[in-house]
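Working notes for the structure below.
The values are calculated or read from the model by the stated rules, or taken from the named source; none is laboratory data. Computed from a predicted structure; not experimentally measured. Ideal geometry is used to build each Cβ from the backbone, glycine not excepted, and the neighbour counts take in all protein chains shown. With ligands, DNA and RNA removed, areas are computed over all heavy atoms of the protein, side chains included. Shrake-Rupley method; radii C 1.70, N 1.55, O 1.52, S 1.80 Å.
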Amino acid sequence: MKPRPFFSGPILATLALAALSGSETMGAPLAYPIVDTAQSRCFNNQREIPFPVKGQAFFGQDAQTNGHQPSYSLSSDGLTVRDNVTGLTWQRSPDTNKDGALNKADKLTFAQAQQLPAKLNAARFGGYTDWRLPDVKELQSIVDYTRSPDTTASAAIDPMFTCTTITNEHYQADFPWYWTGTT
């Protein structure tokens with residue numbers, strides 16, 4: 001059994017890994033199911049272009065692929081969110097000190113983020129004992145490309161997750177970033 005991953009940054013969120021099944025995109029088998037980004041336009045190196053056909057330059061862009069649509073389920077206790085595409089289970093809220101507020105008290109250094117899975121495992125957080133930092137591909141899987149601070153005034157993550165604004169080091173409203181176990 002693989003250990004459950006979790007992710008963290010100045011604000012923490014956690015991830016658990018469940019069994020992953022293979023999937024196919026454009027006929028090629030994948031070892032990891034990829035969540036669709038909702039991209040609907042194609043581009044060359046400089047601008048938007050009509051959808052290229054097989055054999056043309058720039059063929060095979062994300063907009064030409066109907067991938068797995070994002071799908072999440074909230075656990076009955078509200079602590080975790082299951083990604084129904086990847087099989088990953090994430091900590092819903094990055095409130096590491098459990099005071100009900102997301103602020104600098106929830107900020108973690110990389111060393112603290114690396115230590116947190118052991119604490120979550122000891123506490124059987126969400127009913128699991130195999131939490132870990134995710135790899136960068138796993139973390140990327142929960143990005144919602146239809147959202148961003150500039151377009152929707154929200155974090156680029158599904159609203160099922162608790163992610164509130166923070167005040168960054170320049171005293172501006174911002175959203176947190178997260179640690180990963182890989183570069």
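Side notes on the structure shown:
Let's see how each residue does on (1) under 18 Å from LEU74 (Cβ atoms); (2) among the aliphatic types (A, V, I, L, M):
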| residue | (1), (2) |
| --- | --- |
| ALA123 | no, yes |
| GLY127 | yes, no |
| LYS137 | no, no |
| ILE142 | yes, yes |
| SER148 | no, no |
| ALA153 | no, yes |
| ASN168 | no, no |
| THR180 | no, no |
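- All positions within the range 105-131 that are assigned to a helix (DSSP H, G or I) and either of a type in the set (A, V, I, L, M, F, W, C) or more than 19 Å from THR180 (Cα to Cα) (or both): ALA105, PHE110, ALA111, ALA113, LEU116, ALA118, LEU120, ALA122, PHE125, GLY126, GLY127
- Residue that is nearest to GLY126 (Cα to Cα), among those in the range 75-104 that are of a type in the set (D, E, K, R), open to solvent by 60 Å² or more (accessible area, probe 1.4 Å) and assigned to a loop (DSSP other than H, G, I, E, B): ASP77
- Candidate set from the range 149-183 (those that are closer than 22 Å to GLY100 by Cα and of a type in the set (Ser, Thr, Tyr)); member that is surrounded by the most Cβ atoms within 10 Å (Cβ to Cβ): TYR178
- Subset tally (residues that are assigned to a strand (DSSP E or B) and of a type outside the set (A, V, I, L, M)) for the range 134-183: 3
- Residues (in contact (Cβ under 8 Å) with a residue 12 or more places away in the chain, open to solvent by 30 Å² or more (accessible area, probe 1.4 Å) and part of a loop (DSSP other than H, G, I, E, B)) located in the range 48-74: PHE51, ALA57, PHE58, GLY60, GLN61, ASN66, GLN69, PRO70, SER71
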